[in-house]
Amino acid sequence: MRKWGRDLPPGLRVAVIAVVAFAFYTGGGLIFGEKFISALFSGLFYALILAGGTYFAQKRFRRTAARLEEHGQSLMFLRYPNVLPGSLSGVWQMGVATPWPGRIDFQPAVYDELIPSGRSRALTGLRTTGLPPRTAGRDDKKQAVPFDFEVITLDSDGGVIEIAASPATVKKILEAVGPAPS
């Protein structure tokens, strides 16, 4: 079901969300004893809110991706999975990545405008671990990783890192890093 939803064009995805939200809230209102017209307006209201939110979020991500692509950069999330429990390094950090052969320049950023926060760091000595990319899971989404992003695990000079990015960015990163050690 997730793959089917991900493969829909953005406009159709918004329409499906609106129809499902309308049916859910209208049906729920009728089941719990609301008057028909009240349930109808509640369903319409929630459908518009959810569909509008989805539409503008998708539009924002497409605009950001296009702006970054002009400069050969991509949006990605970075974390270090093997840190001590409770460490902030285990939390996904959003930023702008510029892949180069064998390295990635990562600039932490915040908000939709990608305002730089903190100093840039070069992730060097990158090698694949041999693990295939996985779709971001429920635990990843708790920290604002978009649902259609893929997660890859890489070895680096600083230890094991995980990178969450769009499938196109993951492909670019895998092309830029070295092969898995034999």
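Each residue in segment 82-106 was checked for being open to solvent by less than 50 Å² (accessible area, probe 1.4 Å) and touching a residue at least 24 places away in the same chain (Cβ under 8 Å), and 9 pass.
The criterion of being without any contact (Cβ under 8 Å) to a residue 40 or more places away in the chain and either of a type in the set (S, T, N, Q) or not in a strand (DSSP E or B) (or both) does not hold for Ala109.
Taking the criterion of being in contact with a Ser or Thr (Cβ under 7 Å, 6 or more places away or on another chain), in a strand (DSSP E or B) and either without any contact (Cβ under 8 Å) to a residue 60 or more places away in the chain or surrounded by 16 or more Cβ atoms within 10 Å (Cβ to Cβ) (or both), the residues of segment 157-177 that qualify are Glu162, Ala165.
Checking each residue of segment 56-74 against the condition of being hydrophobic (A, V, I, L, M, F, W, C), at pLDDT 85 or above and open to solvent by 70 Å² or more (accessible area, probe 1.4 Å) gives at least one match. Taking the residues in segment 117-156 that are basic (Lys, Arg) and assigned to a helix (DSSP H, G or I) as candidates, determine which candidate is nearest to the chain's Cα centre (by Cα). Residue satisfying both the conditions and the ranking: Lys141. Every listed requirement among (1) closer than 23 Å to Ala66 by Cα; (2) within 15 Å of the chain's Cα centre (by Cα); (3) not small (Gly, Ala, Ser) is met by Glu162 save one, (1). If only residues of segment 80-120 that are of a type in the set (Val, Ile, Thr) and in contact with a Pro (Cβ under 9 Å, 6 or more places away or on another chain) are counted, the one that is nearest to Ala65 (Cα to Cα) is Val96.
The values are calculated or read from the model by the stated rules, or taken from the named source; none is laboratory data. These numbers were taken from a predicted model, which means no experiment stands behind them. Methodologically, a virtual Cβ is constructed for each residue, glycine included, from the backbone with ideal geometry; neighbour enumeration extends over all protein chains shown. Quick note on the areas: whole protein, heavy atoms, side chains included, nothing else; ligands and nucleic acids left out. Shrake-Rupley method; radii C 1.70, N 1.55, O 1.52, S 1.80 Å.
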